[in-house]
Amino acid sequence: MLVMEGGVGACPSGYRGRRDFCIRQQHHTCVETFTTAPLDAVGSLTKQKRSRNRRIATMEKFVIKTPCSSANIGPGFDVIGLALSIYLELEVTIDRTKTSSEHPLNCRITYEGQGEGSDDISLDPQNNLITRVALYVLRCHDQREFPVETHVHIKNPIPLGRGLGSSGAAVVAGVFLGKEVGKLTHLDNNRLFDYCLMIERHPDNVGAALFGGFVGTYLMPLKPEDAERIEVPLSEVLPSPAGGVDTGKKPPSPPYGIGHHIEFPWNRAIKAIAIVPEFIVPTAAARAVLPEKYARPDVTFNLQRIALLPVALGQSPPNPELIHLAMQDKIHQPYRQTLIPGLNEIVESMSPKTQDGFLGVCLSGAGPTILALATTNFEVIANKIIAILKEHNENKQLECSWMVLEPANGTEVVR
């Protein structure tokens, strides 16, 4: 048993409790918890604890989590996007005890995941897309660099250059990074969308990655003076390879309301099978094969189906024939089949009548990933698509991976 006898001075052995009571064995029962360290040791421990608490208080940590996305869903070229459950993560640490940093722009980058160790991934904050985008946001708010001793650890499982929105996710994660490290709490998601669209002018990918879910996006007409400066931030603020140097000037902030979005319903019974071939289709090449003008019947074809698609994918239970019809396209897939051998055969040969559980199929973004919507028989559907890709590819041993994905929530910050 422990007893309490008067104050600290009453204890010849120099021990004390949490309430400055002497502690000795025997006598009355004590219901408190006491420290049984000598007084000088207690003082030392207290200083250590205070120092550790100060250290914790000045170490800021958070995680930014951004989903991948599939754009151009069905007939929704440059309009409809779908956030999917593969996530780019930034683990950010800021040591505010430091007053200087040996790293460029006060930022150290580490990386793991797709493309790790390749020339495609820069660990220089002046060149890495994520940190360059964050710098744009910071410099629009008179912050030239990252806070001293910022560490950004990037974890990226999103395949690069495969049509699953890896660059769109990087842009969205970058604007969130700028907001968080700069403590720019006044920037809401709609305003962050403006920043994204100053760098990535296709709203379907960044809209899905930012807001999440199954979204329709559109751009507002810009005033002539705003249209003239669309590309200014990258050339003025972001160093090579973006083009241009840091002029030291404050870059122009985005016009308000460049883009908007609306979230469509999605039946959760519908899953997305992503079939990812092991080759890259550069977005520039995929854009280059598209015509400058379209025949009126082709435009009408897509307009009819884009009016159906949001309704068809939100109905319960899913209507396979309606979804299959609504997923058809004549604006970009017919022209890109030369870049993805087998695409046309996949679109033409697969239907709900020939494959149980199958709903529809489309090219994901610029490709080469194929996105199939289904409710069951995911492996059978994936293997059938892979077989067609191999059959029509010069490389008969073409490596393909596949995964079943679900609609994802938008970008979030976890502290």
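The values are calculated or read from the model by the stated rules, or taken from the named source; none is laboratory data. Everything numeric in this text was worked out from a predicted model, so none of it was measured. A quick note on method: Cβ atoms are made from the backbone with ideal geometry, for glycine too, and the neighbour counts reach across all protein chains shown. Accessible surface is based on the protein model in full, side chains and every heavy atom, while ligands, DNA and RNA are left aside. Shrake-Rupley method; radii C 1.70, N 1.55, O 1.52, S 1.80 Å.
Some notes on this structure:
- Among the protein heavy atoms of the stretch 267-415, carbon and sulfur supply 53% of the accessible surface, probe 1.4 Å, non-protein parts ignored.
- Packing, taken as the mean count of other beta carbons within 10 Å per residue, orders the peptides 283-294, 376-387 from highest to lowest as 376-387, 283-294.
- MET59/ARG191 FRET efficiency (R0 22 Å; Cβ-Cβ; nearest 0.05): 0.15
- Extension reserve of the THR110-GLU91 stretch, reckoned as 0.36 nm per residue once the Cα distance is removed: 5.9 nm
- Unit charges on C-beta of K, R, D, E only; dipole of the stretch 314-363, Debye: 120 debye
- Over the stretch 145-213, relative contact order from alpha-carbon pairs under 8 Å, at least 6 apart, %: 33 percent
- Our estimate of slack between ASP124 and LYS249, defined as 0.36 nm per intervening residue step minus the Cα-Cα distance, is 42.9 nm.
- Ranked order, LEU90, LEU129 - accessible area, probe 1.4 Å, largest first: LEU129, LEU90
- A 1.4 Å probe, protein heavy atoms only, puts the accessible area of GLU278 near 100 Å².
- Heavy-atom accessible area order for HIS186, HIS261, HIS153, largest first, 1.4 Å probe: HIS186, HIS261, HIS153
- For the pair LYS155 and GLN304 in one chain, pulling the backbone fully straight at 0.36 nm per residue adds 49.6 nm over the alpha carbon distance.
- Under 30 Å between alpha carbons - lysine pairs in the stretch 265-405 that sit 8 or more apart or on different chains: 14
- Whole-angstrom gap from the stretch 252-318 to the stretch 129-187, using each part's C-alpha centre: 25 Å
- Per residue value of the accessible surface for the stretch 265-405 (all protein chains in place, 1.4 Å probe), Å²: 47 Å²
- Cβ-Cβ distance of HIS260 and ASN344, R₀ of 35 Å, FRET efficiency by 1/(1 + (r/R0)^6): the value works out to about 0.55.
- Protection proxy ranking for 134-143, 343-352, 188-197, using the average of other Cβ atoms within 10 Å per residue and placing the highest first: 134-143, 188-197, 343-352.
- In terms of its alpha-carbon gyration tensor, the stretch 265-405 comes out oblate; a/c meets the 1.5 threshold, while b/c is at least as large as a/b.
- Pairwise centroid distance, computed over Cα atoms, of the stretch 324-363 with the stretch 192-225, Å: 27 Å
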